[in-house]
1. Going by the conditions given, is Ala19 modelled with pLDDT under 95 and in a loop (DSSP other than H, G, I, E, B)?
2. Given the structure, is Gly8 surrounded by 16 or more Cβ atoms within 10 Å (Cβ to Cβ) and either within 18 Å of the chain's Cα centre (by Cα) or not acidic (Asp, Glu) (or both)?
3. Do we have any residue at all in the range 45-55 that's assigned to a helix (DSSP H, G or I) and modelled with pLDDT of 95 or more?
4. Does Gly109 meet the test of being out of contact with any helix residue (DSSP H, G or I) (no Cβ under 9 Å at 6 or more places or on another chain), among the small types (Gly, Ala, Ser) and at pLDDT 95 or above?
5. Within the range 37-91, count every residue that is loosely packed, with under 15 Cβ neighbours inside 10 Å and over 25 Å from Asn117 (Cβ atoms).
6. Within the range 26-46, identify whether any single residue is touching a strand residue (DSSP E or B) at 6+ places or on another chain (Cβ under 7 Å) and charged (D, E, K, R), and answer yes or no.
7. Which one of the conditions (1) more than 18 Å from Val158 (Cα to Cα); (2) surrounded by fewer than 16 Cβ atoms within 10 Å (Cβ to Cβ) does Arg104 fail to meet, given that it meets all the rest?
8. Look through the range 150-174, keep the residues that are open to solvent by 50 Å² or more (accessible area, probe 1.4 Å) and modelled with pLDDT of 95 or more, and return whichever of them is farthest from Phe61 (Cα to Cα).
Amino acid sequence: DLVVLSAGVPDIVAEANGARSPAAMQAAGRAMADQVRRLVDGGAGRVLVANAYDVSKAPQFRGGALERTAFELTRAFNDALKVALNGVSGRTVLLVDAEEYFNRVVNTGGTPFSLNNVETPVCAGSSAGLGATSTTMCTTGSFGGDPAFALFYDPLYVTPVGQSLFGEHAFAIARDNW
């Protein structure tokens with residue numbers, strides 16, 4: 001059995017647009033680790049946990065007034081998750097560090113990952129976050145670039161190719177450790 005968990009990004013966005021409390025993000029990270037423990041205690045054979053990517057790298061926050069806040073909230077969530085997973089990580093639980101992975105993609109300009117756009121959302125006119133326009137409104141006619149070579153679909157969420165690249169990375173970690 002394999003259980004895959006990924007969480008944090010919507011919580012971080014909501015907190016960045018709200019109270020901006022690192023303590024709330026730390027509590028959310030610990031709550032995710034508690035869920036992992038419940039799964040293991042309940043008999044889950046293997047649990048693969050992906051933390052949040054650094055939301056400050058997303059077009060929605062990069063260069064804006066909330067960029068630093070988004071970074072600090074991401075760190076609060078991910079650090080609390082990592083600490084709370086101590087003691088349960090190892091043979092049955094693996095952490096796949098989405099923050100580190102996507103930072104590497106963005107910081108290299110995407111070239112080693114066959115991407116040529118890691119800054120601009122390909123879905124022109126879409127927005128993300130609370131009360132935002134749904135990206136389901138995006139059509140091939142509204143693309144501002146080729147999603148096959150871009151990291152961000154909209155100002156917050158990663159394209160299917162970006163998700164696929166991360167999935168291959170997560171699979172390699174699981175394969176190499178289990």
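1. Details: modelled with pLDDT under 95: yes; in a loop (DSSP other than H, G, I, E, B): yes.
Here the answer is yes, as Ala19 does meet what is asked.
2. Values: surrounded by 16 or more Cβ atoms within 10 Å (Cβ to Cβ): yes; either within 18 Å of the chain's Cα centre (by Cα) or not acidic (Asp, Glu) (or both): yes.
So Gly8 passes the test.
3. Taking the range 45-55 and keeping what is assigned to a helix (DSSP H, G or I), we get 55.
Subsequent filtering for residues that are modelled with pLDDT of 95 or more retains 55.
Yes, because at least one residue in the range 45-55 is assigned to a helix (DSSP H, G or I) and modelled with pLDDT of 95 or more.
4. Values: out of contact with any helix residue (DSSP H, G or I) (no Cβ under 9 Å at 6 or more places or on another chain): yes; among the small types (Gly, Ala, Ser): yes; at pLDDT 95 or above: yes.
Yes, satisfied.
5. 10
6. Yes, the range 26-46 contains at least one residue that is touching a strand residue (DSSP E or B) at 6+ places or on another chain (Cβ under 7 Å) and charged (D, E, K, R).
7. Unmet condition: (1).
8. Of everything passing the filter in the range 150-174, Phe171 is farthest from Phe61 (Cα to Cα).
The values are calculated or read from the model by the stated rules, or taken from the named source; none is laboratory data. Because the structure is predicted, anything quoted here is derived from the model rather than measured. Every residue, glycine as well, gets a Cβ built from its backbone with ideal geometry; the counts of neighbours run over all protein chains shown. The accessibility values were calculated without ligands, DNA or RNA, using every heavy atom of the protein model including side chains. Shrake-Rupley method; radii C 1.70, N 1.55, O 1.52, S 1.80 Å.
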